[in-house]
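Enquirer: Quick one: the structure is below, questions incoming.
The values are calculated or read from the model by the stated rules, or taken from the named source; none is laboratory data. Because the structure is a prediction, the values reported are computed rather than measured. Counting neighbours? That spans all protein chains shown, and the Cβs are built from the backbone with ideal geometry, glycine included.
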Amino acid sequence: MRGLLLVSLLIGCSRSHMRTPGSFRHLSGAADQYDPSRPEVAITESEMTVAPPARAGGGEDIAAGAAKLLGKRRLEVGEQSFRYDCSGMVCAAYATTGQRLSGSSKSLYEEAVGAGILHTERLPRPGDIAFFDNSYDRNNNRRRDDELTHVALVESVDEAGTITLIHLGSGTVGRIQMNLLRPNDASVNSYLRAPSDRDGGPRLTGELWRAFGSFWALR
């Protein structure tokens with residue numbers, strides 16, 4: 001299982017900036033040293049809400065739609081095509097249930113804030129979109145100041161709090177794991193930033209996670 005999780009290292013993605021491979025961009029030299037005194041990007045109090053209550057239907061159908069995209073090299077739902085990147089994948093998953101979403105990781109985050117559906121509950125709902133910061137050095141400045149570089153979709157959460165996510169990374173749609181009760185444990189969190197990045201900063205899903213957006217609640 002560990003080997004499969006390592007294979008799912010991401011490519012960087014955004015609406016206007018796709019990079020292959022994104023999270024494999026290595027950091028080196030003195031300027032690359034991770035500064036623990038400089039915190040990772042964090043959600044602000046003004047952005048934070050609680051998770052919407054579960055309801056019949058919820059996001060389970062969306063999660064099931066995402067599972068149908070596993071291994072796909074094109075994102076097509078009916079006659080509609082989606083960008084082949086992380087945000088395109090989550091939009092395609094929602095489209096399988098007839099719900100329209102569009103945009104980049106950043107614009108989806110802003111939409112979630114505006115709709116009051118962004119939350120930081122450690123146990124999300126199926127269908128939630130997970131937002132991550134600093135999954136790769138998007139602006140090439142060798143610092144960890146890259147907000148909203150990746151999104152994934154929650155498929156399920158087990159009784160131990162381990163979250164199975166579906167995302168587009170390494171050129172295909174696959175599964176990764178995250179456990180926000182044990183965010184630094186590599187046995188229950190996948191590498192989201194390349195293990196070869198030697199700056200000493202966070203690399204796991206639980207460490208780079210920012211928030212969830214419950215877009216299914218807008219249906």
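Enquirer: Find the strands (runs of 3 or more DSSP E) located wholly in segment 115-189 whose residues include 2 or more that are within 15 Å of Phe215 (Cα to Cα), and list them.
Expert: 129-132, 150-157
Enquirer: Considering only segment 196-204, I want to know if a residue exists there that is within 12 Å of the chain's Cα centre (by Cα) and either outside any loop (DSSP other than H, G, I, E, B) or under 17 Å from Ala112 (Cβ atoms) (or both).
Expert: yes
Enquirer: Continuing with this model, one more query. Enumerate the pairs (first residue in segment 96-121 and aromatic (Phe, Trp, Tyr); second residue anywhere and at pLDDT 95 or above and in a loop (DSSP other than H, G, I, E, B)) with beta-carbon separation below 8 Å, excluding pairs fewer than 6 apart on the same chain, so at least 6 apart or on different chains.
Expert: Close Cβ pairs (under 8 Å, with a partner that is at pLDDT 95 or above and in a loop (DSSP other than H, G, I, E, B)) amount to Tyr109/Leu148.
Enquirer: Determine which member of the set Thr149, Thr205 is crowded, with 24+ Cβ neighbours inside 10 Å and in contact with a Gly (Cβ under 9 Å, 6 or more places away or on another chain).
Expert: Thr149
Enquirer: Shifting gears a bit: Restricting to segment 114-135, name every residue that is surrounded by fewer than 18 Cβ atoms within 10 Å (Cβ to Cβ) and either hydrophobic (A, V, I, L, M, F, W, C) or more than 14 Å from Trp216 (Cα to Cα) (or both).
Expert: Gly114, Ala115, Thr120, Glu121, Arg122, Leu123
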